[in-house]
Amino acid sequence: MSWQAYVDTNLVGTGNVAQAAICGLEGGIWAFSPGFQLHAEEIREIIEGFKNPDSVRASGLHIGNAKYFVIRADDKVIYIKKGNEGACIAKTGKAFLIGTYNEQMQPGKCNVVVEGLADYLISVGY
């Protein structure tokens, strides 16, 4: 399966994720849903957040030029929120997945989808 298929089918295709992307831990974007913007500085911020969760808990994260509050952060997962929207960002051995939710979606279901795919990718060596 291609990286784009994981975004289209396993993330956005579930109906529990509004927009998604898969990015390498070296900084490259592997796949993304149409219209979802992640800038190089935002990717670096996320990668640093996994390395130093305390820093993003204090300062928040930026996605698509918008600032989000960090609800949870550790070396495996980061939850962010802004109003009724937010995202789950899950790290694998070689990448991170980000799935957003909107006001019509339940954050917990988004988290389960994103973290479930991350667990699968870890199990197959990614």
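The values are calculated or read from the model by the stated rules, or taken from the named source; none is laboratory data. Bear in mind the structure is a predicted one, so any value in this text is a computation, not a measurement. Please note: Cβ atoms are built from the backbone with ideal geometry, for glycine as well, and neighbour counts cover all protein chains shown. The area values use the complete protein model at the heavy-atom level, side chains included, leaving out ligands, DNA and RNA. Shrake-Rupley method; radii C 1.70, N 1.55, O 1.52, S 1.80 Å.
Out of these labelled values of Rg/Rh (Cα atoms, Kirkwood Rh), (1) 0.92; (2) 1.00; (3) 1.05, which was calculated from the coordinates shown here? So the calculated entry is the one marked (1). Per residue, the accessible area of the chain comes to 50 Å² when a 1.4 Å probe rolls over the protein heavy atoms. Rounded to the nearest 500, the 222 nm mean residue ellipticity of the chain from helices alone is -9000 deg cm²/dmol, with -39,500 (n - 2.57) taken per DSSP H run of at least 4 residues. For M1 and Y126, the difference between the fully extended length at 0.36 nm per residue and the C-alpha to C-alpha distance is 43.7 nm.
Hey, quick one: spin label on E103, modelled 7 Å out along Cα-Cβ, who in the stretch 12-37 has an amide N within reach, i.e. under 18 Å? Of the residues in the stretch 12-37, 17-19 have backbone N under 18 Å from the label point off E103.
Heavy-atom accessible area, probed at 1.4 angstrom with all protein chains present, ranks W3, W30 as W30, W3, highest first. Accessible surface for D75 stands near 80 Å², nearest 10, in the context of the full protein assembly shown (1.4 Å probe). Rolling a 1.4 Å probe across all protein chains gives K82 an accessible area of roughly 80 Å².
Ranking D8, D119 by solvent-accessible area of protein heavy atoms (1.4 Å probe, all protein chains present), from largest to smallest, gives D119, D8.
With a Cα cut-off of under 13 Å and a minimum spacing of 8 residues unless on different chains, the lysine pairs in the stretch 1-111 number 6.
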